[in-house]
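Trainee: Please read through the structure below; I'll follow up with questions.
Derivation of every value follows stated rules applied to the coordinates shown; laboratory data play no part. Here the structure is a predicted model, which is why all the values come from computation and not from measurement. In this analysis, Cβ positions are derived from the backbone assuming ideal geometry, glycine residues included, and neighbour counts consider all displayed protein chains.
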Amino acid sequence: MKSLIFLTIVSFNMYTKLSMNVCHSIIFMFGIIFTLSSIFKWIGLKTFALTVNDFCALLGLGALYGHGMLLAIIICTTELLLGIAAFIPKLRKHAVWVYTLVLGCFTYITYLNLVSLYGQIESCGCAGEVIHLTPAESFYKNVVLLTLSLIACVLIVYNKKSIKKNEVVE
């Protein structure tokens, strides 16, 4: 009986470690993506500001239309800080929730651009002037990244619950 309990705990611990490694790998990947994306946007900040203005017009945010440069700076700075947060162990688990929220917003915005009746914005500005994505490519990229961030969120929640259950068993 003791050997069965021991094997259960060992297999549980191996699964928990594996799922946390997957989760940390996803978060690390997001750190790289957000950091590089931010750097690429900083390189072509004026062009990205024009793209932000276009998206403001698409979303019907007329009051923000003339403030593209300020919004571009805020977006780039926030994206850089989120990218760096992935590399700080105490912030990783919190950052993944913010990634999910941000990617949810980006997915919605790129979907609106994809199905826009008033003309699409040709390049989303996701990677500044380095990589140009069509509206469809940008939308599918965001769907994949949103799915990965949701997987990371589920793994974090699952591992918290599993660890608590395991502590009760021991």
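Trainee: Please state, to two decimals, what the Cα-based radius of gyration of the stretch 31-106 comes to when divided by 2.2 N^0.38 Å (N = residues).
Mentor: 1.17
Trainee: Which distance in Å, rounded to a whole number, links the C-alpha centroids of the stretch 20-34 and the stretch 77-149?
Mentor: 15
Trainee: Pairs of lysine in the stretch 14-136 with Cα under 29 Å and at least 8 positions apart or on different chains: total?
Mentor: Lysine pairs meeting both conditions in the stretch 14-136 amount to 4.
Trainee: How do the peptides 83-91, 151-159, 37-45 rank, highest first, by the average count of neighbouring beta carbon atoms within 10 Å per residue? Could the numbers behind the result be given before it?
Mentor: Working: 83-91: 15.2, 151-159: 16.9, 37-45: 18.4.
The densest-packed peptide leads the list: 37-45, 151-159, 83-91.
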